[in-house]
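**Student:** Pasting a structure below so you can have a look.
The values are calculated or read from the model by the stated rules, or taken from the named source; none is laboratory data. Everything numeric in this text was worked out from a predicted model, so none of it was measured. Glycine gets a Cβ as well: all are built from the backbone with ideal geometry, and neighbour counts include every protein chain shown. Heavy atoms of the whole protein, side chains included, go into the accessibility calculation; ligands, DNA and RNA do not. Shrake-Rupley method; radii C 1.70, N 1.55, O 1.52, S 1.80 Å.
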Amino acid sequence: MNSSDLLRFLRARSSVREYSGEPFDLEDIDYILACASTAPSAGNREAWDVVVVTDDDVRLELAAAALEQVHIREAPAVFVVCANYVRSMSHYGERGILYALEDATIACTYMMLAAHARNLHSCWTGAFEESEVRDLLGLPQHIRPVALLAVGRGRPPLEPMERMPIEEHLHRETW
């Protein structure tokens, strides 16, 4: 893949909120997780964990915890990406909280791109009641859910989303 191919690949990915509900292969889940395991992390601590939810009833409860966002219920799989504070804080102390959050978000990004590479669609969801997700999945105290990543075969938008010009983000040398 050359740089033009990469940019085209990235521009072709979009967040999808409508899913057919059609299941996909366990090999797709394994591939997505294998790609996530290559994500860079602070000190190579890999301070992230994921709960893969495919059960209809649990996805229904996750959707309720996610402010009734329908795509969480409709997607055949939801990857609940979590920061593992202990794994990072044991090495970095208090700063490890930030590093664990960064590790989890990078791993989630790799999962999104891996899904796209498998011709699947995804939607990163950050709006959810953290305590409800924690209770539903039995997460330990040192684990913080960071994102719900819905994955499946969906209906992408007809038009690509308009993006801000890079100049809106860019500052050279100083602000």
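**Student:** Based on this model, can you work out whether S14 counts as over 18 Å from G152 (Cβ atoms) and small (G, A, S)? Quick ask: steps written out before the conclusion?
**Tutor:** Working: over 18 Å from G152 (Cβ atoms): no; small (G, A, S): yes.
The answer is no for S14.
**Student:** Looking at the range 20-42, which of its residues are at pLDDT below 95 and either aromatic (F, W, Y) or open to solvent by less than 60 Å² (accessible area, probe 1.4 Å) (or both)? So that I can check it myself, show each step before the final result.
**Tutor:** Filtering the range 20-42 down to residues at pLDDT below 95 leaves 20-26.
Across the range 20-42, the qualifying residues are G21, F24.
**Student:** So which of Y110, Y99, Y85 is crowded, with 17+ Cβ neighbours inside 10 Å, in contact with a Ser or Thr (Cβ under 8 Å, 6 or more places away or on another chain), farther than 19 Å from F24 by Cα and not hydrophobic (A, V, I, L, M, F, W, C)?
**Tutor:** Values: Y110 fails: farther than 19 Å from F24 by Cα; Y85 fails: in contact with a Ser or Thr (Cβ under 8 Å, 6 or more places away or on another chain).
Exactly one of Y110, Y99, Y85 is crowded, with 17+ Cβ neighbours inside 10 Å, in contact with a Ser or Thr (Cβ under 8 Å, 6 or more places away or on another chain), farther than 19 Å from F24 by Cα and not hydrophobic (A, V, I, L, M, F, W, C), namely Y99.
**Student:** Please determine, by comparing only the residues of the range 120-175 that are open to solvent by 80 Å² or more (accessible area, probe 1.4 Å) and in a strand (DSSP E or B), which one is farthest from I29 (Cα to Cα).
**Tutor:** My answer is R144.
**Student:** Quick one: L6 ticks every box in (1) open to solvent by 50 Å² or more (accessible area, probe 1.4 Å); (2) in contact with a strand residue (DSSP E or B) (Cβ under 8 Å, 6 or more places away or on another chain); (3) in a helix (DSSP H, G or I) bar one, so which box is it?
**Tutor:** (2)
**Student:** In addition: Tell me, yes or no, whether the range 54-64 has at least one residue that is modelled with pLDDT under 95, open to solvent by less than 50 Å² (accessible area, probe 1.4 Å) and either assigned to a helix (DSSP H, G or I) or touching a Gly at 6+ places or on another chain (Cβ under 8 Å) (or both). Quick ask: steps written out before the conclusion?
**Tutor:** First, the residues of the range 54-64 that are modelled with pLDDT under 95: none.
The answer is no, given that none of the residues of the range 54-64 is modelled with pLDDT under 95, open to solvent by less than 50 Å² (accessible area, probe 1.4 Å) and either assigned to a helix (DSSP H, G or I) or touching a Gly at 6+ places or on another chain (Cβ under 8 Å) (or both).
**Student:** Let me ask something additional. Tell me, yes or no, whether the range 45-52 has at least one residue that is in contact with an Asp or Glu (Cβ under 6 Å, 6 or more places away or on another chain) and in contact (Cβ under 8 Å) with a residue 12 or more places away in the chain.
**Tutor:** Of all residues in the range 45-52, those in contact with an Asp or Glu (Cβ under 6 Å, 6 or more places away or on another chain) come to 47-48.
Adding the requirement that they be in contact (Cβ under 8 Å) with a residue 12 or more places away in the chain leaves 47-48.
Scanning the range 45-52 turns up at least one residue that is in contact with an Asp or Glu (Cβ under 6 Å, 6 or more places away or on another chain) and in contact (Cβ under 8 Å) with a residue 12 or more places away in the chain.
**Student:** Let me ask something else. Do we have V86 as at pLDDT 95 or above, in contact with a His (Cβ under 6 Å, 6 or more places away or on another chain) and not hydroxyl-bearing (S, T, Y) here?
**Tutor:** Values: at pLDDT 95 or above: yes; in contact with a His (Cβ under 6 Å, 6 or more places away or on another chain): yes; not hydroxyl-bearing (S, T, Y): yes.
So V86 fits the description; yes.
**Student:** Suppose the filter is open to solvent by less than 70 Å² (accessible area, probe 1.4 Å), over 21 Å from R144 (Cα atoms), at pLDDT 95 or above and within 17 Å of the chain's Cα centre (by Cα); does I72 pass it? Walk me through how you get there before you give the answer.
**Tutor:** Numbers: open to solvent by less than 70 Å² (accessible area, probe 1.4 Å): yes; over 21 Å from R144 (Cα atoms): no; at pLDDT 95 or above: yes; within 17 Å of the chain's Cα centre (by Cα): yes.
Criteria not met by I72.
**Student:** With the condition kept exactly as written, say whether any residue in the range 25-44 is outside any loop (DSSP other than H, G, I, E, B) and in contact with a Gly (Cβ under 6 Å, 6 or more places away or on another chain). Working first, answer last.
**Tutor:** Here is the first cut: in the range 25-44, the residues outside any loop (DSSP other than H, G, I, E, B) are 26-36, 42-44.
When the remaining residues are screened for being in contact with a Gly (Cβ under 6 Å, 6 or more places away or on another chain), the result is none.
Checking the range 25-44: not a single residue is outside any loop (DSSP other than H, G, I, E, B) and in contact with a Gly (Cβ under 6 Å, 6 or more places away or on another chain).
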